1. At a 10 Å Cβ-Cβ cut-off, how would you order 119, 164, fewest neighbours first?
2. Given the stretch 66-132, report the % of alpha carbon pairs whose separation exceeds 19 Å.
3. Taking all pairs of different Cα atoms in the stretch 125-180, averaging 1/r and flipping that mean, what Kirkwood radius in angstroms comes out?
4. Based on other C-beta atoms within 10 Å, arrange 161, 120 from fewest to most.
5. Which order do the peptides 142-148, 154-160 come out in when sorted by mean C-beta neighbours inside 10 angstrom, highest first?
6. Once you treat every alpha carbon in the stretch 103-156 as an equal point and sum by Debye, what is log10 I(q)/I(0) at q = 0.13, 0.19, 0.21, 0.30 Å⁻¹?
7. Can you put 167, 92 in order of Cβ neighbours within 10 angstrom, beginning with the fewest?
8. With the Cα gyration tensor of the stretch 79-187 in hand, convert its eigenvalues to equivalent ellipsoid semi-axes via √(5λ) and list them largest first in whole Å.
Amino acid sequence: MPAVKKKLPHSYFLFLLLAMLSTPCMAVEPALTLTETLAEAPSASEPSEVATGWSSRVSEVLVNALSLTGVRYKYGGNSPETGFDCSGFVRYVFKQAASLTLPHSAMAISQLGKSVSKDELQPGDLVFFNTLRSTFSHVGIYLGNNRFIHSPSKGGKVRVENMDDVYWAKNFNGAQRIDQAKLSAAE
């Protein structure tokens with residue numbers, strides 16, 4: 001008897017993919033580390049609310065980003081209907097998932113938040129690359145496990161990449177963590 005292929009719901013696939021990408025990171029309690037870094041000086045009246053709020057927003061950012069996998073690249077694009085360039089993709093995801101409005105270019109986005117080293121990356125951090133012979137000319141969203149999601153270039157589609165691939169490792173410029181003050185200001 002031939003095997004019957006079942007079509008899994010799109011949301012199930014995203015959940016499964018997110019779980020696979022973040023499981024190794026969960027073993028080292030990334031939410032706690034992320035929360036401690038973002039809330040270095042939390043308000044005494046609501047530290048647990050800040051931690052829970054940011055943690056859930058990071059999850060929303062990642063799920064939102066992964067749900068856009070396959071959307072085509074378009075220079076200057078900023079919606080799933082028209083396509084995305086790299087900064088348009090990141091802006092759209094953070095606006096939809098975290099109600100945070102980011103600037104229009106990768107360079108401008110790189111000035112937000114707190115710089116983090118490659119070995120301190122947490123899911124939801126922004127990663128930057130030199131792809132146009134110019135620093136901070138490309139941006140993506142770190143997923144965990146040395147993977148990031150981005151809108152690559154003409155002819156490409158939103159996809160997940162491995163930061164250890166030679167091209168990305170060679171062109172890595174740095175990473176930023178959007179700080180809680182910027183997030184709170186957007187609310």
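1. The fewest-first ordering by Cβ neighbours comes to 119, 164.
2. Numbers: 756 of 2211 pairs.
Here the long-distance tail beyond 19 Å is 34 percent of all Cα pairs in the stretch 66-132.
3. Evaluated over the stretch 125-180, this radius sits at 11.5 Å.
4. Working: 161 18, 120 13.
By the 10 Å Cβ count, ascending: 120, 161.
5. Details: 142-148: 20.6, 154-160: 14.0.
Answer by packing, highest mean first, reads 142-148, 154-160.
6. Rounded to two decimals, the profile gives -0.31, -0.67, -0.81, -1.34.
7. Values: 167 12, 92 21.
So the residues, fewest neighbours to most, are 167, 92.
8. On the way: eigenvalues 78, 58, 31 Å².
After scaling each eigenvalue by five and taking roots: 20, 17, 13 Å.
Here, each number is a calculation from the coordinates, and none is a lab measurement. This one's a predicted model, so the numbers in the text were calculated from it and none came from an experiment. Positions of Cβ are generated from backbone atoms using ideal geometry, with glycine treated the same way; all protein chains shown enter the neighbour counts.
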